[in-house]
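Here is the structure we will look at.
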Amino acid sequence: MPSWITETALRADFGLAHGSEVHLPQGSRLTPSASQLLAERKIRIKYVSDDGRVFLPDSAEQGAAQKASVHPLTSANQHPGNQCSLCHSAVEHKTELLTLLDNEQLVPKTHPRIALRGKLDTLISQTVWVQTQFAPGFKKYPMLSHALADLRSFMGNLLRCEVTGDELTEISMAELDDDTIHRISHQPLKYLGHDHIVPELKHGANVSLLNVLRALSREAELEACRTFQSQTFGLTRPDLVQGLNRLSSALYVLMLMTLVVESTGSLPELRPAR
């Protein structure tokens, strides 16, 4: 990776979902167009040193100036607390049953939010694996790989927002925004020239891999519904539930896009809804 990172390099090497984040080599610099791209998409920047430590940019966004590294997910740089979520007293000895709910509270690992994080962790791990499987065969169709990278960065942002309580930004995939993804998932024949599918062997390996991710995202969505459903059938975190719902739709759209590209060699032009 060069010391100067261009817009072209960002588009080629990183997931660029709106509201997500990128991890850049410590000491690297962004060209003006690269910096503008990240600003327009409200993408946070973190810097990673050769030994894997993560830093926030300095005030001028000219690299990592902090002496203390931060947590790669939460950006915290303080030792977490050990307060019991039930009695609010300090836990003298943290057993294997307990884990951190946030930067202060300890809860049992059976806590619903911890169960949801497990689903998200599985989804992210499988997505990275699918990305490695896409790498050799999709050199002809980099747009599909870039779209999957955007969804992977959205997943990371979703996990971060669950942990920190921040509001989740709407999903995006390549140049497709939330509304466009939603419309295509409901009317693929109109927008992609191919009707709905129930995956089967003839659709090939790449569609099958994406369908595994779609199914895992549905499992995570159901876990989120169980976790955040109120007694009046409302949701305490509607942003996360809707984000997971749209994620499964985006993966389904990407499955169809992959099928169309592999069948015809091209895609119809797709434009954002707004």
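Summary table below
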{"read-out": "Single residue of Ser230, Ser208 found to be surrounded by fewer than 18 Cβ atoms within 10 Å (Cβ to Cβ), more than 26 Å from Ala135 (Cα to Cα) and without any contact (Cβ under 8 Å) to a residue 24 or more places away in the chain", "value": "Ser230"}
{"read-out": "Qualifying positions in region 166-195 - assigned to a loop (DSSP other than H, G, I, E, B) and either touching a residue at least 24 places away in the same chain (Cβ under 8 Å) or among the polar types (S, T, N, Q) (or both)", "value": "Glu167, Leu168, Thr169, Glu170, Ile171, Ser172, Ala174, Glu175, Asp177, Gln187, Gly193, His194"}
{"read-out": "Residues satisfying the stated conditions in region 1-41, i.e. of a type in the set (Lys, Arg) and over 17 Å from Ala149 (Cβ atoms)", "value": "Arg29"}
{"read-out": "Condition broken by Glu221, with the remaining ones in (1) without any contact (Cβ under 8 Å) to a residue 60 or more places away in the chain; (2) surrounded by fewer than 20 Cβ atoms within 10 Å (Cβ to Cβ) satisfied", "value": "(2)"}
{"read-out": "Failed item in (1) at pLDDT below 95; (2) surrounded by fewer than 18 Cβ atoms within 10 Å (Cβ to Cβ); (3) farther than 22 Å from Leu123 by Cα, with Val261 passing the rest", "value": "(2)"}
{"read-out": "Residue pairs meeting the criteria (Cβ under 9 Å; at least 6 apart or on separate chains; first without any contact (Cβ under 8 Å) to a residue 24 or more places away in the chain and assigned by TED's automatic domain parsing to the domain that holds Glu223, in region 134-163; second part of a helix (DSSP H, G or I) and hydroxyl-bearing (Ser, Thr, Tyr))", "value": "Ala135/Ser145; Lys139/Ser145"}
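The values are calculated or read from the model by the stated rules, or taken from the named source; none is laboratory data. Remember, predicted model here, so these are calculated numbers, not experimental data. Positions of Cβ are backbone-derived with ideal geometry, glycine not excepted, and every protein chain shown enters the neighbour counts.
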